[in-house]
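Student: Mind looking over this structure? Questions follow.
Any read-out appearing in this document is the output of simple, stated calculations on the displayed coordinates, not a laboratory observation. Quick caveat, the model's predicted, so the values are computed rather than measured. Here the Cβ positions follow ideal geometry from the backbone for every residue, glycine too, while neighbour counts run over all protein chains shown.
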Amino acid sequence: MKHSLNCIEHDVRLCKEEVIVMMEKLGMNVDEDEDGIEEFGEEVSQMLEKEPSLEEVEEAFNVFDENKDGFIEAKELQRVLRILGLEKNLMQCQRMINVFDQNGDELIDHNEFAKLIEQSFG
Ligand SMILES: [Ca+2]
Ligand SMILES: [Ca+2]
């Protein structure tokens, strides 16, 4: 159990590296007509450069939380990863969410997201 959790955490960290690479690529190709990607890219790279402030974490959360219900679900994570060029199936996204889901509702709330940022990017 412990072992598999470590693997998942490793997975998440791998994803972070992939995201950074993708953000760099996006940074070079932001003249596409996809509104929001440029802004999203800036926010993510700012987030990665330094300790994110509560406000920045909140902004990032809102990027993920497409339907604005205050929770990030697997589908929403999948959507953001897809924007970044990472194809993950729903089960992989759910697994990533479950690593940081502390109250067992299979969703990431604001508090859990803040911890995720801390652990993944800190
Ligand atoms: Ca949501
Ligand atoms: Ca939760």
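Student: Determine the shape class of region 52-122: with a ≥ b ≥ c the square roots of the Cα gyration tensor eigenvalues, call it rounded for a/c under 1.5, and otherwise prolate if a/b is greater than b/c, oblate otherwise.
Tutor: Here region 52-122 falls in the rounded category.
Student: If you place +1 on the Cβ of every Lys and Arg, -1 on the Cβ of every Asp and Glu, and leave all else neutral, what size is the dipole of region 52-122 about its Cα centre, to the nearest 20 Debye?
Tutor: The calculation lands at about 400 debye.
Student: Sticking with the crude label model, points 7 Å out along Cα→Cβ, report the distance from Asn103 to Met91 in nm, one decimal please.
Tutor: A separation of 2.9 nm, rounded to one decimal place.
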